[in-house]
Structure formats: C-alpha cells, structure tokens
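K.L.:
Quick one: structure below, then a few questions.
Every number here is computed from the coordinates shown, using simple stated rules; none is lab data. Owing to the predicted nature of the structure, the values given are computational and were not obtained by experimental measurement. Ideal geometry is used to build each Cβ from the backbone, glycine not excepted, and the neighbour counts take in all protein chains shown.
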Amino acid sequence: MILQQLDGLNLSLDQGFKYILIQMDSCKAVNAIQKAFVGDSKSVLIRRTHQLLSRVLHWSIQHPSR
C-alpha cells in the first residue's frame with residue numbers, strides 16, 4: 001500500500017504538482033505517516049514518504065470513511 005503511494009507521489013512530483021491530497025484505505029498507514037513527523041520512523045518506506053512530501057508545497061493525508 002505504501003509502495004503504491006510512493007509511486008503516486010513520484011509521479012505527482014514529476015508532473016510538477018505542489019498541492020497533494022493522499023487518500024489511503026489503511027488507517028494504520030495513515031497514522032504511521034502522520035506520527036512519523038513527531039518522531040523519527042524506523043521504516044524506510046515512511047522515511048522515503050516524508051522525503052518526497054518535503055518537496056511538496058502543501059499536502060494532506062486522510063483515510064476516507066465508508
């Protein structure tokens with residue numbers, strides 16, 4: 001799931017997008033990405049996600065309710 005998100009982030013950055021809304025099915029993944037800003041994550045995927053997000057002017061992540 002996070003790998004797909006990374007692919008989407010890379011594509012968005014390549015296209016020059018500066019505002020990104022990320023929607024993920026996994027509440028755990030959303031929480032992990034949000035909490036990683038408070039402290040350093042041990043997950044390489046989470047750290048890479050934050051590296052990419054640091055290149056975006058504004059981003060938001062959410063878990064859509066069903």
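K.L.:
Per residue of segment 44-60, what does 6.51 cos²θ - 1.76 cosθ + 1.60 with θ = phi - 60° give for ³J(HN,Hα)? Whole Hz please, x for Gly and Pro, Karplus curve as stated.
P.N.:
In residue order, the calculated couplings are 4, 5, 5, 4, 5, 4, 5, 4, 5, 5, 5, 8, 9, 5, 8, 9, 9 Hz.
K.L.:
Select one label from [x] 31, 28, 19; [y] 49, 33, 14; [z] 41, 33, 15: the one whose number is Cα extents along the principal axes in Å as derived from the coordinates shown.
P.N.:
[x]
K.L.:
Hey, fewest Cβ within 10 Å first, where do SER65, SER41 land in order?
P.N.:
Working: SER65 5, SER41 17.
Fewest-to-most Cβ neighbours within 10 Å comes out as SER65, SER41.
K.L.:
Contact order normalised by length for segment 1-58, with contacts defined as Cα pairs under 8 Å and 6 or more residues apart; what percent is it? Provide the component values of the computation, followed by the final result.
P.N.:
Values: 33 pairs, mean separation 29.5, N = 58.
Normalised by residue count, the contact order of segment 1-58 is 51 percent.
K.L.:
Roughly what would the spin-label model give for SER43 and ARG66, points 7 Å off Cα along C-beta, in nm?
P.N.:
1.9 nm
K.L.:
Nothing charged except the Cβ atoms of Lys and Arg (+1) and of Asp and Glu (-1): what's the magnitude of the dipole of the chain about its Cα centre? Round to the nearest 20 debye. Don't jump to the answer; show the numbers that get you there.
P.N.:
Numbers: 8 positive and 4 negative charges, 37 e Å.
Computed charge dipole of the chain: roughly 180 debye.
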